[in-house]
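Asks: Structure incoming, see below.
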Amino acid sequence: MEPEPERSQCADDWLTEEVLQPGLHVCEPSAPAADGAVALTVRFDGSKAGRRADVVLSADELADMAGTRCALEAKLALPPRPPPQQPWALFSVSGERLTSTERLLAVGVFLLIEGGQYVRPGVRVGHKQRALSETGRPLEVETVSLTPLIFSIKNFLTPEDCAHVIEKASGLMFNSPVVNMDKDLGKKATEWRTSRQAWLESDMTPTIAAMSERVARLVACPASYQESLQVLSYALRQKYDVHLDAFDPQFYQQKPDFLERIDHGHRNRLATAFWYMTSVEEGGETIFPRAGGKEQRDSLWPFDCVPAISVTPPPTGLAHPHVNNVDELQRERVGLLVPPEQGKIIIFYNLLPK
């Protein structure tokens, strides 16, 4: 990510009012005292409604990052994270991974994320943050939902970028498959999904590589963590019904090879970057029916879950919904509908920061 534009001084600027972001903790250090100690206020789960802790880190505990981590673990009672879970990590609010105490104290407000990967604080719907492209072009990152956490950036891609991807994908398209859950084994993908798609490797061309690096900067994860570029084409009346973008292992117990591939859920999709290659006059929205945690009528949602057309943050223990028809959701304008707009990208998080 780009360097901090300025030192972040106030934790309240990065907290939601009520929505909890489990595992994302906002930390506000004081200026060092005469003896080198630093007082630290920690707001748990990134929310003003969350728990608060006030601790002091001594000069000895701040002498190196190993000592600082040990002190934070003990004083904040952080839960253990045995392998294959990643250790928790520290980040600036814009995504710089903090690996030294000098840098930790230099950035001001910082994030402690239990999951070990950066998740951008959403703050509130309509909140706008600044980011930079790989060329230094300013980007405006707008929060469009907190549950699930979704960001939108207009003009992320140029018309030339979009035309390039479409050209490279043409001639490679095939009918989109699905990975069936246990309850759906033997069913055809076309019961839910009727689009066509192609896979493009991120290093296929310099243009596509640059686009992948742009996303990597935005989400503060290396481009090597990304899947290949999946190009989707939806003709008139084609769709993808309600589904999850992350893979909850409880739904794939009869597919041992697939469970091994996703390391029983530990190798998963933290976030989805959804680029829009074209604009359309009507329709084509990406639909998040439970955006904002809204309850839906029983005929649409038979289970207590958080489905979305493009993604669902899957809380542990919640059942996957029955298949829900995107046409009905679109017709009734259920939830958050994101219209396609050439060059726009939305980032939505499939997993919680914990």
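Where a number appears in this text, it was derived from the coordinates with a stated rule and is not lab data. Keep in mind that this is a model prediction, so the values were computed, not measured. With ideal geometry, Cβ positions are generated from the backbone for all residues, glycine too; neighbour counts draw on all protein chains shown.
Asks: Rounded to the nearest angstrom and ordered from largest down, what semi-axes does the equivalent ellipsoid of the stretch 143-263 get from its C-alpha gyration tensor (root of 5λ)?
Replies: Each semi-axis is the square root of five times an eigenvalue, giving 27, 19, 16 Å.
Asks: Among Ile262, Asn180, Ala63, flag the residue with its Cα farthest along the positive direction of the charge dipole of the chain, charges on Cβ as +1 for Lys/Arg and -1 for Asp/Glu.
Replies: Asn180
Asks: Non-local amide H neighbours of Val123 (under 5 Å, H modeled in plane, Pro and chain starts lacking H): which ones?
Replies: Counting only residues 5 or more places away or on other chains, the set is Thr16.
Asks: So what is the 222 nm mean residue ellipticity for the chain from helices alone, if each DSSP H run of at least 4 adds -39500 (n - 2.57) and you divide by all residues, rounding to the nearest 500 deg cm²/dmol? All intermediate terms of the calculation are to be shown ahead of the outcome.
Replies: Details: 6 runs with 56 residues, N = 354.
Calculated at 222 nm, the ellipticity per residue is -4500 deg cm²/dmol.
Asks: Which net charge results when you count Lys and Arg as +1 and Asp and Glu as -1 among the other residues whose beta-carbon is under 14 Å from that of Glu73?
Replies: So the environment of Glu73 carries a net charge of +1.
Asks: Antiparallel versus total DSSP beta bridges in the stretch 11-113: what percent is that, nearest 5?
Replies: Numbers: 19 of 20 bridges.
The antiparallel proportion sits near 95 percent.
Asks: Could you point to the residue in Val338, Ile208, Thr194 farthest towards the positive end of the chain's charge dipole, with +1 and -1 charges on the Cβ of Lys/Arg and Asp/Glu respectively?
Replies: Checked the options; the winner is Thr194.
Asks: Going by Cα centres, the stretch 260-283 and the stretch 134-151 are how many Å apart?
Replies: First find each Cα centre; the distance between them is then 16 Å.
Asks: Which of the pairs Lys128/Lys188; Lys48/Lys154; Lys154/Lys255; Lys128/Lys354; Lys168/Lys239 have their Cα atoms more than 32 Å apart in this structure?
Replies: Violating the 32 Å limit, Cα to Cα: Lys128/Lys188; Lys154/Lys255.
Asks: Right, another one. I need the phi-derived Karplus couplings for the stretch 239-253: 6.51 cos²θ - 1.76 cosθ + 1.60, θ = phi - 60°, integer Hz, Gly and Pro marked x.
Replies: 7, 9, 6, 3, 7, 9, 8, 8, 10, 7, x, 5, 8, 10, 5
Asks: For Gly23, which sequence-distant residues (separation of 5 or more, or a different chain) have an amide H within less than 5 Å of its own amide H, given hydrogens modelled in the peptide plane?
Replies: Placed amide hydrogens put Asp45 under 5 Å from Gly23.
Asks: What distance in nm separates the two pseudo spin-label positions at Arg130 and Leu236, each 7 Å out from Cα along the beta-carbon direction?
Replies: My value for the distance between the label points is 4.6 nm.
Asks: In the set (1) 35, 28, 19; (2) 50, 25, 21; (3) 37, 23, 19, which value of semi-axes √(5λ) of the Cα gyration tensor in Å was calculated from the structure you see?
Replies: Checking each listed value against the structure points to (3).
Asks: Mind listing the phi-derived Karplus ³J(HN,Hα) values for the stretch 189-197, rounded to whole Hz, using 6.51, -1.76 and 1.60 with θ = phi - 60°, and x for any glycine or proline?
Replies: 4, 5, 5, 10, 9, 10, 6, 10, 8
Asks: Output the direction-averaged projected area (hull surface divided by four) of the convex hull of the alpha-carbon atoms of the stretch 11-113, in nm².
Replies: 6.4 nm²
Asks: In addition: Pick from Arg193, Arg97, Arg81: which residue has the top mean-square fluctuation in a GNM of the chain where Cα pairs under 10 Å get a spring?
Replies: Of Arg193, Arg97, Arg81, the Gaussian network model singles out Arg81 as fluctuating most.
Asks: Further question on the same structure: Based on alpha-carbon centroids, what's the gap between the stretch 44-82 and the stretch 195-232 in Å, whole number please?
Replies: When both Cα centres are located, 35 Å separates them.
Asks: Answer with one residue from Val125, Thr99, Phe110: the one whose Cα lies farthest towards the positive end of the charge dipole of the stretch 91-133, charges on Cβ with Lys, Arg +1 and Asp, Glu -1.
Replies: Of the options given, the answer is Val125.
Asks: Determine the dipole magnitude for the chain: charges of +1 sit on the beta-carbon of Lys and Arg, -1 on that of Asp and Glu, nothing else is charged, the reference point is the Cα centre, and the result goes in debye to the nearest 20.
Replies: Values: 37 positive and 47 negative charges, 107 e Å.
Rounded to the nearest 20 debye, it is 520 debye.
Asks: Assign unit charges at the C-beta atoms only (+1 for Lys and Arg, -1 for Asp and Glu), then state the dipole size of the stretch 5-63 relative to its Cα centre in Debye, rounded to the nearest 20.
Replies: For this selection, approximately 100 debye.
Asks: At most 16 other C-beta atoms within 10 Å and a DSSP loop state: those are the exposed GluC sites (Glu not before Pro) I care about. Give me the longest piece of the chain that has none.
Replies: On the way: sites that count: Glu6, Glu17, Glu18, Glu134, Glu201, Glu227, Glu281, Glu282, Glu295, Glu341.
The answer is 19-133.
Asks: Taking H as built 1.01 Å from N, whose amide H comes closer than 5 Å to the amide H of Arg269, not counting residues under 5 places away?
Replies: Phe247
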